[in-house]
1. What FRET efficiency, computed as 1/(1 + (r/R0)^6) with R0 = 22 Å and r the Cβ-Cβ distance, is obtained for residue A:4 and residue A:105, rounded to the nearest 0.05?
2. Pop a pseudo-label 7 angstrom from the Cα along the beta-carbon direction at both residue A:392 and residue A:476 and give the gap in nm to one decimal.
3. For a quick check: sort B:283, A:102, B:162 by the number of other beta carbons within 10 angstrom, fewest at the front.
4. Measuring from centroid to centroid over Cα atoms, what is the spacing of the stretch B:508-529 and the stretch A:1-78 in Å?
5. Could you pull the Rg and Dmax for chain A, using just the Cα atoms, both in Å?
6. Rg and Dmax of the stretch A:7-214, Cα atoms, in Å?
7. What order do you get for B:48, A:72 when you list them from fewest to most C-beta neighbours inside 10 Å?
8. Whole Å is fine, so just give me how far the alpha carbon centre of the stretch B:184-247 lies from that of the stretch B:108-143.
Amino acid sequence: MNMNQPITILIAGLGGEGGGVLAEWLVELAIRGGHPAQATSIPGVAQRTGATTYYVEIHPQSLAALGGRVPVMSLAPVPGCVDLMVASELLEAVRAIQNGFVSPERTALLTSSQRTLTTFEKLAPGDGRFDSERLLQVAGSNSRQLAAFDVGAATREAGTVPSAVLCGAIAAVAASGVLPFDRAAFEDVIRASKRGVAASLRGFALGFERCRAALGTAPAPAVAVEPDLIALGHARVVEFQDAAYGELYRQRVERLRAAERRADPQGQHGGALTREGARFLALWMAFDDVVRVADLKSRTGRFDRVRREAGAQTGEIMRIADHFKPGVTEFAGLLPEALGQGLLAWESRRRRDGKPSLAMPLKLRADSISGFLALRLLASLRWLRRRGQRYAEEQALIERWLVVVETAAANSWETAFELALCARLIKGYGATNERAKENFRHIMNCLVSTDAGTIRRAREAALTDDSGSALDAAMAQAGAPARAVKAIPVRWMKRTGHRT
Amino acid sequence: MEVSFSKEVQQLRQGKGETFHGEGILAITKALLQSGVAYVGGYQGAPVSHLLDVMVQAEDYMAELGVHVEACSNEASAAAMLGASIHYPLRGAVTWKSVVGTNVAADALSNLASPGVTGGALIIVGEDYGEGASVIQERTHAFAMKSSLLLLDPRPQLPNMVRMVEQGFALSEACNTPAILQLRVRACHVRGSFECADNRSPAMSRKALRDEPATFDYEKLAHPPATFRQEKLKNEQRLPAARRFILEQGLNELFSGTRSVGSSVGSSDIGLIVQGGLHNTLVRALQQFNLADAFGAAELPMLVLNVTYPLVPEQIADFCRGKRAVLVVEEGQPEYLEHEIMATLRRQDVNTAIHGKDLLQMAGEYTVEVIAQGLVKFLARHAADLPLAGAQNWLAANAARRRAVVEQLAAPLPPRPPQFCTGCPERPVFSALKLAQQNVGPVHVAADIGCHSFATFEPFGFGHTILGYGMSLASRAGVSPMLKRRALAVMGDGGFWHNGLLTGVESALFNKDDAVLLIMKNGYTSATGTQDIISTPDDEIKATAENKHQSLVDRNHTIENTLRGIGVEWLRTVPSYQVDTMRRTLEEAFTTETGGLKVIIAEGECQLERQRRVKPWLAGLLKAGKRVVKVKYGVDDDVCSGDHSCIRLSGCPTLTLKDSDDPLKVDPVATVIEGCVGCGLCGENAHAATLCPSFYRVEIVQNPGLGERLLAAARRGVIGLFQKP
């Protein structure tokens, strides 16, 4: 500790986490210890969950030792001159690093290992989340000392606010010589704050332990054991319909396997095409329809999960209201193909004329006897599914996909693999499902004969935005013809009077 | 109001011998009372909101002192309030966010500055500039110059900030000129301490009323011909008086450096002139060169301008005389100080080289790094003997580190702008607008200042222009006549009362404009800290409401009555959580054959305010063992398709993603995390937009009644018979 320069602490958090309280506690800590201290913040519209920062400076010498001399403290953190960087969220810790505040020579970095996703990351139809492993690596390699643990979990465990847990963590780091205050001094400040002291102290203690344990030791990345996807897929498909359908799944997987063997006799790719193909094939064959949804929503396991997630205690009553909006598409899906097609054609005509699509908003009380029985009734319509229009439509598209993959496999494993992965695009219900299939068909129509890279880029583009503009751009780059513009009803307003 | 200031209110009572610990803006508030202020007004807005908030909550104590506090409807009314100090020996202070607030106040300010004041008039502005700023980047300095107002920019240490308030009033009275005291964002929020003085009860106050009004005096009117004389007075009497006072009272601080050339000690050949507000930053920058210690003792002499307008020519000349070069550290553009310093030196034939914006960046906040970069250039040119290596290495290391991190990350970090709170009643309105546009086509959206401007961020991205607080409707007046589709103006109730009613509604009606106005009636000026306004539901209504969950803004009809009174015929009020109704109402407004102004009021009380009622209420009920129903929304992850269209329609902080438990699914699924307040938007959207059927609403009944328990048991029994695992 350089006794002639202030100890600098930068706190990065999200609005509403109590970062202000934490900064206040640190100043109070210093004042009680007889040290000059100053804190500033950029709360902005803090409680509106945006990124916020708090900055604290504490002079290492006590007022007595300074003999009346008043240190001039900075109101803003200085890049490379931060002693302790505290972040309640991993991405915000790395943001501070990117802004240059954290120094590998000087800064001890204390951060939560958990992510609070930004809206931006949540929007993608696929997976738009920033790679947490990489964030942790950057945090580790750019700080003098890293302590990362799940502050959110500790906060929930202790039933308190993040600031209390972080305060405990800071006390743990302080013990390693960053701050001239011991644990008791921290706890005294919390006691003096008077509000929710017991909970805060619980959180403090937990934060202290977790941080001390985490100091220096980088959190071990979770090693995922790859399950037997084909077995899982088979089980899923059987559960969805019946053993015969399961058999069909096996046959299709075999076709993928055969195709892959042709393309990669030595098995250099470790059967990735078969494995990933089987994964998406299963999800596709067990497509989402009313029958499946009703079945899933009426199960014991589901009721228990909802209870658990809602944090219901024994003796408390749980009511579940499920939001359904079955439309013509769902209904037609269960009708014989010819009938279903006719119904769909009629519906699309109505929509073309600017009429709203027919659908029935339902709030179904799954925990009431009538509601539950309604769900079971729908779930029992499984036999209809097999004869239904949706079933036929899906099987046809699946067959087409298989053929495309098989044909491609004759020339290149890579191309076949990328085409197989395109099945990932197929997901969802109603409009989402229509959009997904349209993208899928577009790629199948135009790119089957191109290279693996082009197909991968197109697939990834399709998963980045729902407007399809990214996909269109990628397709255009690949020299594919533009899609036909969808007809949407546009209503002009009638002008009234000469003024507008 | 969002925050309770009970503790701070107590601090206001502190007297001689006590030490104040707290925020800068509250120290300023205390200083007002120590200066015997008689009336205080203003319009809230970061970073100065707390001044007025505390004063309002300190009602009783203010009455004791006889101080009048007014929460003004906008900055113009606050500035006009200072008119009290023209005739009467009243010290008055008003506050607002600048530069925007000063723009609104400009008319009154000019008409205040021209006749000048008898009692001290102080305008405390939060200079919302640089990091964390939420408004256009301009300088308040221009207003001081054009209206000949005094401008104080105190060195940001609490004792000095307090001294500048007290001296500010005295200065204002010494030269009959209103003074602006400018505080940067961090100075408002800086936590420090100062030794208190006793508060002074004003001589003329609500407690000590004056018998007669002032006698008529035409010279105190901002009206010709008086205005012509007043203009002369400014430069012939008032500004000279101000300069004398600034010198005599030593308002600007001279820190003589330790550097000496030749024999004479402290005879530095170079120096620094800095705005008071930047002093600490400059010192920290000098420390990077080892040219200053932790206590501000610096190698180079420093003239710290606690008063940045007017400057004192002889003080500037004395400082510069005998120096080869001086660096002016002045934040923001254009470089008014630098120009004035150059001019005054030229006139007095002092030929010191003046640097400033030629070495320092023109735009943007002056951080330690920015100032250090300027110092490197300045010292390299004029003080080759001083060591630069340390600072240069530090700057280079920062740059290198940033580059390296960008490479390690490989992808840009996603931004995290502020967003609608969990359960905010404004979010559903924009979900509805998104859906409505899918049916009637995209519309031009004139946005406004307020929480609703968060709709300009993902997942909505609505808003073509923002022209100022309450200006949205006015800002589309030239647009809607040119478009085939109707334009939409969005406005908060805060903006409506601040400005929108007159600049927007009245004008649109008078001109028979064909437009759609959407008013967010959430009951408060929420973005500024949920201060009450005239359309805020009454406290007793809040107190007596059976169900504390419910929105209470529908109990106050001031906005509706005002609109009908002024002549709005097409007026719809829609509860904001009813997404489908709102969608249909918007579509009707966009397509109806009815011309003229169409107003939709989206009614839903600010969720922050509701939660402040709900939390203690529920805690009380549970403590008493009473029946409580907890509502939360959830997503069945085995039903969720992982497409996230629900999120693209909501953006709620508690509606987020998690890894799928299903090993077959690779894409993350939607999930509702704790913090969900059960506002109902998820369900409404699922229905209004036909989302996937994975959403459910779960109600947990705590302390249920016997009948309920029996019914539930019976249901479980029957269901158990048919249920699959």
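Only the coordinates and a few stated rules stand behind these numbers; no lab work does. Quick caveat: nothing in here was measured; it's all calculated off a predicted structure. Quick reminder, even Gly has a Cβ in these numbers, built from the backbone with ideal geometry, and neighbours come from all protein chains shown.
1. On the way: r = 18 Å, r/R0 = 0.81.
So the FRET efficiency works out to roughly 0.80.
2. Using points 7 Å along Cα→Cβ, the separation is 3.8 nm.
3. Details: B:283 27, A:102 30, B:162 24.
The fewest-first ordering by Cβ neighbours comes to B:162, B:283, A:102.
4. 41 Å
5. So, for chain A, Rg and Dmax equal 29.8, 94 Å respectively.
6. In order Rg, Dmax, the Cα atoms of the stretch A:7-214 give 16.5, 63 Å.
7. Numbers: B:48 28, A:72 24.
Going from sparsest to densest Cβ surroundings: A:72, B:48.
8. Cα centres, the stretch B:184-247 to the stretch B:108-143: 14 Å.
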